[in-house]
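Structure record follows, encoded as structure tokens.
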Amino acid sequence: MNYMRTAILLAGLTALFMGVGYLIGGQTGAMIALVIAAGMNIFSYWNSDKMVLSMHGAQQVDESSAPDLVRMVRDLAGRAGLPMPKVFIMDNPQPNAFATGRNPENSAVAVTTGLMNYLSRDEVAGVVAHELAHIKNRDTLIMTITATIAGAISMLAQFGMFFSGNRNNNNGFGIIGTLAMVILAPIAAMLVQMAISRTREYSADKLGAMIQGSPAPLISGLVKISNAAHQIENPSAEQNPASAHMFIINPLIGGHGWDSLFATHPKTENRIAALQQLAAEMGTSTNTGGWGSGPSRSAVPPTGGSTGGSPWGTRRGGPWG
């Protein structure tokens, strides 16, 4: 599960934050930076889920407003051995989803209306299982803290400009060094943040496929979401790019998803290749012909009220019916 690698990366990010503080104010600056980091972590621990959901205009739903989706999440959460998370829908044309929350007991899954309209029921279940895997692995807390510290490093580096006049006297850092810090510190923070995000996506793909019982629906879902994400704008994500790493596929138009230091997500083709290898190990097919097709059994069978128009069988006039 690469927990050791994630811990090392997080430790590096915290050390970078303290290092920027030291360059600005010496030992006192480092201690102040540590206190600020601790305060931000505490605030993020208790309020990160509400902040992120609010950023993206997510609205909570229940069995009366989105019965099929809520039942799907409940069934998959039961398979994963998780308590039932809160379920949210974002009125957004881009197919995408994310999970948030400080722990499995206080978690939420949010999907876009585009996801429900564009993907089949089985593919949506694959995406939801992936997000539940993030919750089970406690990635949501890790990614939120990482994003918070990374953003603070950028802010702290900017503060260094105001103290550059004193650097020549104290430790020779000088204005050139300060400028270098302002440029390089946020980049270094971004690299650590993105490396953690990419590490966790592979783990969530694998566990999500195992929760559902087959990698096939997630494979086809990733293909559809990846293709659409480069064509359909996600306004809330464009306004809040720091949250892009939380989505199953990079929601920012122009993001290419290639495996490099500057990619928030692994290359989709690489994720699919890993899932195809998992399918071979599980002895299941990667063919996605619909509910119950092939050796893969659908995670959530269609409800009896499903009609030909929408795969969700929601009441006529609903936002995705």
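What follows draws every value from the coordinates through simple rules; no lab data is involved. Worth saying up front: this structure is predicted, and the values here are computed from it rather than measured.
Calculated on C-alpha atoms, the gyration radius of the stretch 11-82 divided by its Kirkwood radius gives an Rg/Rh of 1.29.
For Gln277 and Asn227 in one chain, what is 0.36 nm times their gap in residues minus the Cα-Cα distance, to one decimal in nm? Before the final figure, lay out the partial values.
Working: separation 50, 0.36 × 50 = 18.00 nm, distance 2.20 nm.
Length difference between fully extended and current span is 15.8 nm.
A full extension of the chain between Ser65 and Ala242 corresponds to an added length of 60.7 nm, given 0.36 nm per residue minus the alpha carbon distance.
Cα-Cα over 18 Å: which of Lys50/Lys86; Lys50/Lys267; Lys86/Lys224; Lys86/Lys136; Lys50/Lys224?
Lys50/Lys267; Lys86/Lys224; Lys50/Lys224
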